[in-house]
Amino acid sequence: MRVDTGAMPVEETMWDVRVARDVETNDLERLRAALAEVIAKRLSPGKKLLRVVTWCPNGGALFRPKQGIRRYAVSYEVAFAV
């Protein structure tokens, strides 16, 4: 879902977004929601998360898998506050 803010969205990537392993990776909407929650908390003031675009488990082999946690590189869109 895209939120219309009147401004052009900007795509960014956040590395090392961590979610608990109990988030089922086959339930894409639940995983997307978990990633969005982490990203929204880490965004700087003045940015609003519009949507999670895509993600890559283990940052495309950049990160080693760890027990109890999943690590992702996540691409997302933001809008800047006016």
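The values are calculated or read from the model by the stated rules, or taken from the named source; none is laboratory data. Note that the structure is a prediction, hence the values are computed from the model and not measured. Because the Cβ atoms are built from the backbone with ideal geometry, glycine has one as well, and the counts that use them run over all protein chains shown.
In region 34-74, which residue that is small (Gly, Ala, Ser) and surrounded by 14 or more Cβ atoms within 10 Å (Cβ to Cβ) is modelled with the lowest pLDDT? Please lay out each step first, then the result.
Residues of region 34-74 small (Gly, Ala, Ser): 34, 36, 40, 44, 46, 59-61, 68, 73.
Imposing the further condition that a residue be surrounded by 14 or more Cβ atoms within 10 Å (Cβ to Cβ) reduces the set to 34, 36, 40, 59, 73.
On the way: Ala34: 95, Ala36: 97, Ala40: 96, Gly59: 78, Ala73: 94.
Of everything passing the filter in region 34-74, Gly59 is modelled with the lowest pLDDT.
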Could you tell me which numbered condition Arg32 fails, if it satisfies all but one of (1) under 15 Å from Val17 (Cβ atoms); (2) in contact with a Gly (Cβ under 6 Å, 6 or more places away or on another chain); (3) not β-branched (Val, Ile, Thr)? (2)
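Here's the yes/no breakdown for (1) of a type in the set (Asp, Glu); (2) at negative phi; (3) without any contact (Cβ under 8 Å) to a residue 24 or more places away in the chain:
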residue	(1), (2), (3)
Glu11	yes, yes, no
Arg21	no, yes, no
Glu29	yes, yes, yes
Glu37	yes, yes, yes
Ala40	no, yes, yes
Cys56	no, yes, yes
Leu62	no, yes, no
If you take the residues in region 13-62 that are closer than 27 Å to Ala81 by Cα and among the acidic types (Asp, Glu), which one is nearest to the chain's Cα centre (by Cα)? Glu37
Of the residues in region 5-33, those that are surrounded by fewer than 12 Cβ atoms within 10 Å (Cβ to Cβ) and over 17 Å from Ala73 (Cβ atoms) number 8
Just to be sure before I move on: is Val52 outside any loop (DSSP other than H, G, I, E, B) and free of Cβ contacts under 8 Å to residues at least 40 places away in the same chain in the structure I sent? yes
